[in-house]
Amino acid sequence: MSSITPKRLFLGFTPTTAERASLLTLQQACEQADEPSAPGLKKVTEANLHLTLAFLGQVTAEQHGNLLAAIPGLPLKRFRVRLEHLCFWPGPKILCLAGTAEDPALMALAGAAQQLATNLGLHSSEYDYRPHITLMRRAGNLPKLEHIPTLDLTPSELQLYESLSTPTGVEYRILASWPLSD
């Protein structure tokens, strides 16, 4: 990719190996429960599972440089978030495991990330921050499951991801990481 071509970027957090294993089990349960009614249901690959902090959209090389310089100034504090609700969002047609941003450190970081995006002329969400991990795309409804696992995340790093379209599908590549402090 040329350095003058804008990159599609977002900020987020990578689940641990154990957390990804729980998410993969939940994906499989959703797929089995929903199979007859959603033939186009598509699982998010294990490598692409992430907790989004802020979608930034198309970012120019200059904006990318400004972003890299500004992120260390964000309130990069550790937080805990519980994801416990399986949700179907009909607009984007996704199934996700979602929670509520209650931890003050997470709320401060999410707010600061949106303000940074606005200041740099990047995409800024019109919605309040809702922590979630997308599990499935092209969903048609909310599957009925007997058990939905609770996932308590305590990320140790913030990542800047690039969304790349490839012949085999979308891949998320980590471009940079910043540690979260206690």
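A compact table of results
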quantity	calculated
Theoretical FRET efficiency, 1/(1+(r/R0)^6), r = Cβ-Cβ of residue 176 and residue 144, R0 45 Å, to 0.05	0.65
Lys, Arg +1 and Asp, Glu -1 on Cβ, resulting dipole of the chain about Cα centre, debye, nearest 20	300
Listed residues 84, 126, 157, most fluctuating in the chain (Gaussian network, C-alpha, under 10 Å)	126
Over the chain: helical MRE at 222 nm, DSSP H runs n ≥ 4 each giving -39500 (n - 2.57), nearest 500	-8000 deg cm²/dmol
Partner lysines for residue 144 [C-alpha distance under 28 Å; skip if fewer than 8 residues away on the same chain]	42, 43, 93
Shape parameters for the stretch 7-179, alpha-carbon atoms, Rg then Dmax in Å	16.1, 49
Most mobile listed residue (114, 28, 159) in the chain, GNM with C-alpha springs under 10 Å	28
Neighbour cut-off at most 13 other Cβ (10 Å), DSSP loop, chymotrypsin sites (Phe, Trp or Tyr not before Pro), the stretch 75-147	127
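Quick note: the coordinates plus some simple rules give every number you see, no bench work behind them. Owing to the predicted nature of the structure, the values given are computational and were not obtained by experimental measurement. Don't worry about glycine lacking a Cβ; one is built from the backbone with ideal geometry, like all the others, and counts go over all protein chains shown.
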